[in-house]
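Below is one structure; the comments refer to it alone.
The values are calculated or read from the model by the stated rules, or taken from the named source; none is laboratory data. Not measured: the values here are computed from a predicted model. Positions of Cβ are generated from backbone atoms using ideal geometry, with glycine treated the same way; all protein chains shown enter the neighbour counts. Heavy atoms of the whole protein, side chains included, go into the accessibility calculation; ligands, DNA and RNA do not. Shrake-Rupley method; radii C 1.70, N 1.55, O 1.52, S 1.80 Å.
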Amino acid sequence: MMTFGQKLRACRDDKGFSQSELAKQIDSYHSIIGKYERDEVKPSIDVIKKLAEVLETTVGYLAGETEDRELLKDPTMLKRLNDIATFNDIDKEYILYALDAMINNVKLKAI
């Protein structure tokens, strides 16, 4: 599993930013970006949000909640999931049951 610093460096490299360029994007200093990448210092959640936005990834990826950089970046999917989260438990169960059935159907077609 990659550390926060390793993920940050990989994302920065993918975008072609130097540490200085990334630091300017988030109103910081290149030296702190280096410390983040060497895992010497851990950024605040607010800084992680800024980094994720500039690097076009997710907070979850940088923070280690997922290994998928693209997971839940789609705002329309996030809105749908947030809507479902507000429903009562019975309605959520029905929606997720139907969704699971549709997902399985699509997966079976691909075989």
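Of note:
- Evaluating M2 against the criteria (1) assigned to a helix (DSSP H, G or I); (2) among the hydrophobic types (A, V, I, L, M, F, W, C); (3) in contact (Cβ under 8 Å) with a residue 60 or more places away in the chain leaves one unmet condition, (1).
- Considering (1) modelled with pLDDT under 90; (2) of a type in the set (A, V, I, L, M, F, W, C); (3) farther than 30 Å from G5 by Cα, the lone condition that L81 does not fulfil carries the number (3).
- Counting the residues of the range 5-46 that are of a type outside the set (V, I, T) and assigned to a helix (DSSP H, G or I) gives 25.
- Failed condition for M77, given (1) over 12 Å from the mean Cα position of the chain (by Cα); (2) surrounded by 13 or more Cβ atoms within 10 Å (Cβ to Cβ): (2)
- Test: residue in the range 61-74 that is at pLDDT 90 or above and outside any helix (DSSP H, G or I): no
- Selection count, the range 28-64, where residues are in contact with a Lys or Arg (Cβ under 8 Å, 6 or more places away or on another chain) and open to solvent by 60 Å² or more (accessible area, probe 1.4 Å): 1
- Here the range 1-27 is the region considered, the condition is being open to solvent by 50 Å² or more (accessible area, probe 1.4 Å) and of a type in the set (K, R), and the residue that is nearest to T57 (Cα to Cα) is K15.
- Test result for G60, under 17 Å from the mean Cα position of the chain (by Cα) and touching a residue at least 60 places away in the same chain (Cβ under 8 Å): no
- Positions within the range 83-111 being surrounded by 10 or more Cβ atoms within 10 Å (Cβ to Cβ) and under 26 Å from V59 (Cβ atoms), in sequence order: D83, I84, F87, K92, I95, L96, L99, I103
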